[in-house]
Structures are given as C-alpha cells and as structure tokens.
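Below you'll find the structure, written out as structure tokens, and then a few comments.
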Amino acid sequence: MPPTSPDENPRSSGSWREERRHEAVAAFAARIPALYAEEIQLHDDVVSWADRAAEAPTSLFVWGPIGVGKTHAAWQAARRWVGAQFADAYRGTPVVQTWRSTALFDALRPDSEGGTPKKLMRELQTADLLLIDDLAAARVSPSGWTQERLYEIFDERYINRRPVLVTSDVKPNQISHIVGERVTSRAAEIFRGGVVHLAGRDRRQGGAS
Amino acid sequence: MARIRSIKPEFFTSLTIAELPLSARLTFIGLWTYVDDNGVGPADARLIRAAIWPLEEAPDILQRTREDLQRLHAARLIALYEVSGRPLVAVNSWSEHQKVSHPRKNRFMRPEEAAELAKYPTPEDFQSPPEDYQSPPETLRPEQGAGSREQGAGNRGDAEPPASADDPPRADVERVCRHLADVLEKSGSKRPMITAKWRNDTRLLLDRDGVTTEQALAAIDWAHADSFWTAHILSPGKLRAKYETLRRQAMNGGRKHAAGPQTTERNLTDEEIEDASHFA
C-alpha cells in the first residue's frame, strides 16, 4: 500500500494543530505591549482559567491595588488562554479583543474618529475572548452612556457564555458605581467563581514603599 | 443545540433497551444529543427527525421517528409533556445518566417541575391542543406493558398532562403580574412573559406572605423608582424574596448610598478581600 494521505494520519493532524497553536500564540505574543511581554508566575486561579481546567469559570475578574501586576497578569493569562484553545474542542484560531477601558469607550463613541462603532460593538460581543484592562478607569457619563455600552457588551457575551477577562483597581463590591447596577448584576453571574485578588507592593515604585 | 454525550456500557445490557427495535434504540441515543443540558427539547417529530435522521432517505422516516418516540415513551425512557402549550420531550433519569460539564443555561422545564407548576394552570395551558403525543401510543405491543423491567432507566415522573382547570386564573395575581411586566417594559426592557412561575410566586406572595394586592403594587413601584432595586426586582420571585427588605427601606426613606468607588487599598485582611470580592 502507498502511504496514506495526510488526512488519514492522526499524528499529522495533531502536529498540524500544534503548528497552528504555535502560530496563534506567537501572533498574540506580538500584540503584547513590551512592558508586559515577560512571562511571569501567574496566580493559580488565573492559570486554571487560562488552561480552561474543568472546574474553572468561563470569565475572570482580577482586582487589587495599583501596581501589583494585574495588567501584566491579564496579558500573560490571555496568551496562555490562546494556547489552550487548541486542545480537544478546537474551533479555529481564537479572536481576542484587548482594550484599555478608556480607549474602548472612546472608540465606541458615535463621533469616534474614522471608527465604526457599530461594527466594533459587534466585534466586542462576538470575539472569542474580550480583555478589558482597568475597567474602573472609564469615566462614568452622567447620562449612563458608558454603562449602557458596557451592558450591551456584557449581556451579549454572558448569554452566549463567551469569556471576559477584566482587571480593576476598584473592589468588586464597589464596581457598581462605575459600571451601573445592571452590569453589576450581570457581572455577579459572569464572574461567579472567577474573582481573583492580587496583592503585593507597587512594582512601579521600584520597591520603595 | 447538539452536544456530545456519553453512552454507558449498561445501555447494551439493559432489558428495556433490548426490547426496542434497533431504530428506536438509535433514535434514543440521538435524542440525547438533541435535548438541552437539562435533557429536554421540543417534542416535534419533524425537528427530531431532522436532527437525528438527516440523511435517511426512506420516505416514511418521519412516521418511523414518530413510532420510535412512542415506543420510547411506552418504555418510559422518555416523557412527553407540555409546558404552556408547548410539547416537550424529556429523557427520563437524565441526571443519573449524563454528567454534563459546563452545562448551558436550561431552556426547558423538566417534567417534574412542569408537573409541579401544572397545579397552577395558566390560560396558555388551554389554548393550543397538544399534538398526538398526549394520546396513548398505538404501536405499543401488548407484552411491553407487563413483565419485569428492573433495568429500566425511567421510573421518574412520566408525562403528566396539565392539571385540570379547577383553579381559574386569579384577578389579583394577574393584576400584580401585569403591573410588574408593564413597569419593566416601561423601563426599556423587553416585556417579560407572564409565566406559570410568575403567577405561582405572586400567588404565594399574596396568600402565604399575607401581602395585599395594593402593597404588592406599591412595592413594585417603589423598587422601580430606586436606582438599586430597579435592576434587581425583575420577577415576582425576587419581589417575594426581597419584599421585607423593600418594605424596611421604603420606611426608612430609601437606601443610603455607600461612598463612591476608590482604588483598592493595600494590606487588606483576608476577610476584607473575601467581603469585597462579591459584586453588589
């Protein structure tokens, strides 16, 4: 018999997937800002979320004081998460949206320069992973506009069980002042079992406290 | 939505299964992937046929699927029942046989829950007549009715038709439900469906908790004028659970808002972290 075609060889399909995984992780790593590029030791709960462990929650809310490495942890967790998407339930290279909350709301504004807020909203709702860094940094608009946009994103993702990764320097029990009651109520569901507190000294102060 | 399920080795040694024709056995396995993570799906033979026998070319496949369902029903492997006029099929003893990881949100009520709710009939229950599923299966072979079936998967509550209409819908219950639906719709939400659970929770609020209709209506209005509660009182069940809290806060002239958000302080104690980790 001549050698079987590559499709019928289970080993080659495995390595093909491995190659894809490599490419996807490298592509994501290239997006990580230089400051957060270094691989660091991650909190156990963050690791099990990123590796999609059986008991791990779908979404993660990382909170803690300023400068303890929440953003760094989030970028590295997202990189690890991308790698884990190529395990058993592989559904193609995942799409990851990463935003600082302030930039996110600027881009969503109807008058945003050269932007397409509607299209962006759709992308935020449907991306395989949405990372919102420093959620509490967004200004609360008196009209509740920010909160409505956030609700649109969170609600759509929540009902489709799409993961969200959030960092915040404001405690979960105070976040409703920023994101509003509706989002908070959703957040309680979305981040059930997925609230991680990071502690430590402020790394940006170079250890001087 | 189709999902991957597991087959236990006991399936092939079950006497109940062994009594069924091969096609019914395959339809049964196919049903597991057809139903939601609660083991329930719409009991429409056309949908089931389309999901389980999409490539079967036999012209009578729809009829055969119907017969398979009736056989499975007769063998008490599935329950055929209705919720709010919608025919549903449930795989009996679902949770014993399928361990679902990451279950999606349940969409349909299990027959046990439906039977519980059927004690409080809703007008919808009487609008659309059930499909022929409710009539006794004609293809039941006589010997299937008797005999030992200790391996049987289903001894749980079988299909129960909705309870008879001895309690007519109550005006006070309807009024409170409708008022809450109105308020929710006015606040920009999609108008919620007044379900049997809504009516039942409202009935309990009025009867068991001794809240008058006027008090219930006032509590709904008060809650939806409050910036916090308006996001939380979205069903009579919640209204009932929070009624006492609402009443107390209304008496004290409303909720006092906590101090604005601040960045997290360093050196929190474990208790403080635990406490702050809840969204409120």
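The values are calculated or read from the model by the stated rules, or taken from the named source; none is laboratory data. Every value quoted in this text rests on a predicted model; they were computed, and no experiment measured them. Neighbour counts are summed over all protein chains in view; Cβ atoms, including those assigned to glycine, are modelled from backbone coordinates with ideal geometry.
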Worksheet, complete the sentence: Of the conditions (1) assigned to a loop (DSSP other than H, G, I, E, B); (2) surrounded by fewer than 20 Cβ atoms within 10 Å (Cβ to Cβ); (3) not aromatic (Phe, Trp, Tyr), the single one that B:Asn38 does not satisfy is (2)
Worksheet item: Are there any pairs with C-beta distances below 6 angstrom linking a residue in the range B:80-98 that is buried (at least 17 other Cβ atoms within 10 Å of the Cβ) to a residue that is among the β-branched types (Val, Ile, Thr) and at pLDDT below 80, with the two at least 6 apart or on different chains, and if so which?
Response: none
Item to complete: From the list B:Asp44, B:Asp60, B:Asp36, pick out the single residue that is under 30 Å from B:Arg199 (Cβ atoms), more than 14 Å from chain A (Cβ to nearest Cβ) and acidic (Asp, Glu).
Response: B:Asp44
Practice prompt. Could you tell me whether B:Ser101 is within 14 Å of chain A (Cβ to nearest Cβ), under 25 Å from the mean Cα position of the chain (by Cα) and surrounded by fewer than 17 Cβ atoms within 10 Å (Cβ to Cβ)?
Written response: yes
Practice prompt. Identify the single condition in (1) part of a loop (DSSP other than H, G, I, E, B); (2) crowded, with 17+ Cβ neighbours inside 10 Å that B:Glu56 does not satisfy, given that it satisfies every other one.
Written response: (2)
Worksheet entry | Residue check for B:Leu69: part of a helix (DSSP H, G or I), among the hydrophobic types (A, V, I, L, M, F, W, C), closer than 15 Å to B:Gly30 by Cα and in contact (Cβ under 8 Å) with a residue 40 or more places away in the chain | yes
Worksheet item: Of B:Val211, B:Val176, which residue is closer than 30 Å to B:Arg110 by Cβ, over 25 Å from the mean Cα position of the chain (by Cα) and touching a residue at least 24 places away in the same chain (Cβ under 8 Å)?
Response: B:Val211
Practice prompt. Please go through the range B:80-99 and pick out each residue that is touching a Lys or Arg at 6+ places or on another chain (Cβ under 8 Å) and on the phi < 0 side of the Ramachandran plot.
Written response: B:Ala90, B:Asn92, B:Trp94, B:His97, B:Gln98
Worksheet item: Has the range A:151-166 got any residue that is of a type in the set (Val, Ile, Thr), at the interface with another protein chain (Cβ under 7 Å from one of its Cβ atoms) and touching a residue at least 12 places away in the same chain (Cβ under 8 Å)?
Response: no
Response to the item:
Taking the range A:175-190 and keeping residues at the interface with chain B (Cβ under 7 Å from one of its Cβ atoms) and either over 25 Å from B:Glu271 (Cβ atoms) or surrounded by fewer than 22 Cβ atoms within 10 Å (Cβ to Cβ) (or both) leaves A:His177, A:Glu181, A:Arg182, A:Ser185, A:Ala188
Worksheet item: Of all residues in the range A:27-83 being of a type in the set (Val, Ile, Thr) and in a loop (DSSP other than H, G, I, E, B), which is farthest from the other protein chains (Cβ to nearest Cβ)?
Response: A:Ile32
Practice prompt. Pull up the range A:151-171, narrow it to residues that are over 17 Å from A:Thr126 (Cα atoms) and within 17 Å of the chain's Cα centre (by Cα), then point me to the one that is surrounded by the fewest Cβ atoms within 10 Å (Cβ to Cβ).
Written response: A:Asp169
Worksheet, complete the sentence: When the range A:133-150 is checked residue by residue, the ones that are closer than 15 Å to A:Val195 by Cβ and either surrounded by fewer than 17 Cβ atoms within 10 Å (Cβ to Cβ) or more than 10 Å from chain B (Cβ to nearest Cβ) (or both) are A:Leu135
